[in-house]
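Visitor: The structure's right below; bear with me while I get my questions together.
The values are calculated or read from the model by the stated rules, or taken from the named source; none is laboratory data. Keep in mind it's a predicted model, so treat the numbers as computed, not measured. A quick note on method: Cβ atoms are made from the backbone with ideal geometry, for glycine too, and the neighbour counts reach across all protein chains shown.
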Amino acid sequence: IADNSISPILDEDEEMAKDSGLKETSSIFSFINALKAYVSIEPEQGEEYDVERMVIDVLDSESGPDLFVVEMPNIEESRSLVARLINLTMARRKRFFSSSPILFVLDEAQEFIPFDTRSIDNSELSSNAVEKLLRHGRKYHLHALISTQRLAYLNTNVLQQLHTYFISTLPRPYDRQLIAETFGISDAIMDRTIDLEVGQWLLVSFNAALTHDVPVFFSAPNNFSELEKGLTKKDENI
């Protein structure tokens, strides 16, 4: 959850973009303006916004926001919040079933589902919650996407629950070997990931990559361009 404390950073980024000679129509300016608009919104007066209220809003597909972004500086508190958010969401979805899909996205996943978990730093809490989500969430239309640069540091029980991998550059042999063994991919194909450039990916999946689930190399659209299109379309509909 971001607030107006990042406004000076956004102003500085905007000035740097202008000084670099970028056009005003550049997607980076649209992105910065969207963030400025978001952080300038004053919170409603009333009760404190806690995890329980967030869960209710997440599950409210009609009136709740479509996107929640949570960022906390303290990793131990972040792990505790992730565990509580997932557990409460699953418990409430079981009681009030709905087919509306919900996607949890965990960036820097090695912080939340590490190979070596401990109760003292809340990593055991978050790892167990994410593993439960991946094991049982699909039947309740609750899904997860985890992002990391080091597969070697992740809980192997969690990795076994993932059905689809989007693979960018993998310079470390262990990470390539892990993917190769999981999906039965040849070393020759995995070695090609060393030379992947920005926006290029290898898709491997148990059930989502063509008819025979073969590995597929592809190039993804520029995220800033897609974001700019989405913001422009939203402005036109207002």
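Visitor: Can you work out which of the residues in segment 137-175 that are among the small types (Gly, Ala, Ser) and either assigned by TED's automatic domain parsing to the domain that holds Phe218 or in a loop (DSSP other than H, G, I, E, B) (or both) is surrounded by the most Cβ atoms within 10 Å (Cβ to Cβ)?
Guide: Of the residues in segment 137-175, the ones among the small types (Gly, Ala, Ser) are 137, 144, 147, 152, 168.
Within this subset, residues satisfying the condition of being either assigned by TED's automatic domain parsing to the domain that holds Phe218 or in a loop (DSSP other than H, G, I, E, B) (or both) are 147, 168.
Values: Ser147: 12, Ser168: 15.
Looking at residues that are among the small types (Gly, Ala, Ser) and either assigned by TED's automatic domain parsing to the domain that holds Phe218 or in a loop (DSSP other than H, G, I, E, B) (or both), I get Ser168.
Visitor: Going residue by residue through segment 47-67, is there one that turns out to be assigned by TED's automatic domain parsing to the domain that holds Ile86, closer than 22 Å to Lys229 by Cβ and at pLDDT 80 or above?
Guide: Within segment 47-67 (the criterion being assigned by TED's automatic domain parsing to the domain that holds Ile86, closer than 22 Å to Lys229 by Cβ and at pLDDT 80 or above), the answer is yes, since at least one residue qualifies.
Visitor: Quickly run through segment 128-143 and pick out the residues that are farther than 17 Å from Arg92 by Cβ and either aliphatic (A, V, I, L, M) or in contact with a Phe, Trp or Tyr (Cβ under 6 Å, 6 or more places away or on another chain) (or both).
Guide: Residues satisfying the conditions are Val130, Leu134.
Visitor: Let me ask another. Those residues that are assigned to a helix (DSSP H, G or I) and modelled with pLDDT under 80, I need them from segment 8-31; list them, please.
Guide: Ala17, Ser27, Ile28, Phe29, Ser30, Phe31
Visitor: Assess whether Leu159 counts as being among the hydrophobic types (A, V, I, L, M, F, W, C) and modelled with pLDDT of 90 or more.
Guide: Working: among the hydrophobic types (A, V, I, L, M, F, W, C): yes; modelled with pLDDT of 90 or more: no.
Here the answer is no, as Leu159 does not meet what is asked.
Visitor: Which of (1) surrounded by fewer than 17 Cβ atoms within 10 Å (Cβ to Cβ); (2) over 17 Å from Ser205 (Cα atoms); (3) polar (S, T, N, Q) does Ser127 not meet, given it meets every other one?
Guide: Going through the list (1) surrounded by fewer than 17 Cβ atoms within 10 Å (Cβ to Cβ); (2) over 17 Å from Ser205 (Cα atoms); (3) polar (S, T, N, Q), Ser127 breaks only (1).
Visitor: Now for a separate question. Among the numbered criteria (1) modelled with pLDDT of 70 or more; (2) farther than 24 Å from Asn222 by Cα; (3) among the aliphatic types (A, V, I, L, M), which single criterion is violated by Val39?
Guide: Val39 satisfies every listed condition except (1).
Visitor: So the check is Cβ under 7 Å with 6+ separation or different chains; which pairs have a first residue in segment 92-115 that's closer than 16 Å to Glu52 by Cα and a second one that's part of a helix (DSSP H, G or I) and of a type in the set (Gly, Ala, Ser)?
Guide: none
Visitor: Looking only at residues that are assigned to a loop (DSSP other than H, G, I, E, B) and modelled with pLDDT of 70 or more in segment 221-238, which one is nearest to Leu35 (Cα to Cα)? Lay out the reasoning, then the answer.
Guide: Initially, segment 221-238 is screened for residues assigned to a loop (DSSP other than H, G, I, E, B), giving 221-222, 238.
This time we only want the ones that are modelled with pLDDT of 70 or more, so: 221-222.
Details: Pro221: 21, Asn222: 19 Å.
So the residue we want is Asn222.
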